[in-house]
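The values are calculated or read from the model by the stated rules, or taken from the named source; none is laboratory data. All values derive from a computational prediction rather than experimental measurement. Neighbour counts are summed over all protein chains in view; Cβ atoms, including those assigned to glycine, are modelled from backbone coordinates with ideal geometry.
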């Protein structure tokens, strides 16, 4: 359903207003991934790693500098203007901030109906019944349809966003941090709804989040992103049980746990760079400045994303050392 092949996106930064130094930042650095139809691919990483930029490239909100993207069978960046509108019916987004995604002057029912107006695919006489059906499908009713966004709770607003995305019966849905702005109890309700809708409609999800617990409950495959690159990719269960990249281990160790016995015995890593955009080294491994396993090879040779086990890929020179053992015995040895 989605194929991203060696996609690169760069931005030019300038320090100072006049005569400042110009610098190019590679927000997406040669990313490749595939998502099978009716499955969920989780994309995780800290803020600023390039997750949302990648989603904007997939949605054709921005254009890549190189590489190719095929979503729902077509490359949106090579389509003629007349074909783009049809393609957008197949690829929709559930945004991170439901309040920002919903215009304040429109009632929820009109917001859900708006895609039909734009695409002209549902007769005007049948729209009211269709909106009510979508509201009920996401756990709302006619009363919510007459409300403005500010009159709805955060969970209700997100359900309206989901209903609007489903109005066009898409094949691929980009979920960009869809529950990060919600309370935990509401998060669970929205995630259950997304799973139910996927089972009913055969939807394919690209699920972007910084919350590894949420991704574990949703995805079948995961990609870990750091400094614009995929540094590890593979089945969710295998990666969570036995990561092959030190950065993945760092993310997993940061997950909150209930029992003290479940907390890992930490080893203090080197100082963390202040900004991924400005402090990632130009040569060698981008994670090398933070990695407790870094060697002299990591200073000069950038590791490619390579197969390290069946269905497992990692961009680390010591991936084989990571697999089968925890991080801490390696450090102690």
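Does residue 113 count as in a helix (DSSP H, G or I) and either over 18 Å from residue 175 (Cα atoms) or modelled with pLDDT of 95 or more (or both)?
yes
Would you please list the contacts, defined by Cβ atoms under 9 Å and residues six or more apart or on different chains, that run from a residue in the range 127-141 that is in contact (Cβ under 8 Å) with a residue 12 or more places away in the chain to a residue that is outside any helix (DSSP H, G or I)?
Taking only residues 6 or more apart or on different chains, the pairs are 130/122; 130/167; 131/167; 132/141; 134/140; 134/167; 135/141; 140/152.
Give the residues of the range 1-27 that are under 22 Å from residue 219 (Cα atoms) and either modelled with pLDDT under 95 or in a strand (DSSP E or B) (or both), sorted by residue number.
Those that are under 22 Å from residue 219 (Cα atoms) and either modelled with pLDDT under 95 or in a strand (DSSP E or B) (or both): 2, 3, 4, 5.
Please enumerate the residues belonging to the range 49-69 that are surrounded by fewer than 16 Cβ atoms within 10 Å (Cβ to Cβ) and touching a residue at least 60 places away in the same chain (Cβ under 8 Å).
Of everything in the range 49-69, those that are surrounded by fewer than 16 Cβ atoms within 10 Å (Cβ to Cβ) and touching a residue at least 60 places away in the same chain (Cβ under 8 Å) turn out to be 66, 68.
Cβ-Cβ below 6 Å, separation at least six or inter-chain, first residue in the range 102-122 and free of Cβ contacts under 8 Å to residues at least 12 places away in the same chain, second part of a helix (DSSP H, G or I): which pairs?
122/116; 122/130
Can you spot a residue in the range 240-249 that is closer than 13 Å to residue 43 by Cβ, in contact (Cβ under 8 Å) with a residue 12 or more places away in the chain and in contact with a helix residue (DSSP H, G or I) (Cβ under 6 Å, 6 or more places away or on another chain)?
no
Within the range 17-36, is even one residue closer than 20 Å to residue 87 by Cα and touching a helix residue (DSSP H, G or I) at 6+ places or on another chain (Cβ under 8 Å)?
no
Need a quick list: helices (runs of 4 or more DSSP H) entirely within the range 141-245 having at least 2 residues that are within 14 Å of the chain's Cα centre (by Cα) and within 26 Å of residue 4 (Cβ to Cβ).
212-218
Does the range 74-87 contain at least one residue that is out of contact with any helix residue (DSSP H, G or I) (no Cβ under 6 Å at 6 or more places or on another chain), under 21 Å from residue 121 (Cα atoms) and buried (at least 16 other Cβ atoms within 10 Å of the Cβ)?
Yes, some residue in the range 74-87 is out of contact with any helix residue (DSSP H, G or I) (no Cβ under 6 Å at 6 or more places or on another chain), under 21 Å from residue 121 (Cα atoms) and buried (at least 16 other Cβ atoms within 10 Å of the Cβ).
Test of understanding: among 278, 268, 248, which residue is in a helix (DSSP H, G or I) and modelled with pLDDT under 60?
Result: 278 is the single residue among 278, 268, 248 that is in a helix (DSSP H, G or I) and modelled with pLDDT under 60.
Within the range 40-48, is there a residue that is farther than 23 Å from residue 173 by Cβ and either crowded, with 17+ Cβ neighbours inside 10 Å or under 20 Å from the mean Cα position of the chain (by Cα) (or both)?
Yes, some residue in the range 40-48 is farther than 23 Å from residue 173 by Cβ and either crowded, with 17+ Cβ neighbours inside 10 Å or under 20 Å from the mean Cα position of the chain (by Cα) (or both).
Looking at 143, 136, 117, which is the one that is closer than 30 Å to residue 75 by Cβ and surrounded by fewer than 18 Cβ atoms within 10 Å (Cβ to Cβ)?
The match here is 117.
Can you pull out the residues in the range 165-187 that are surrounded by 19 or more Cβ atoms within 10 Å (Cβ to Cβ) and closer than 14 Å to residue 204 by Cα?
165, 166, 170, 171, 172, 173, 174, 175, 176
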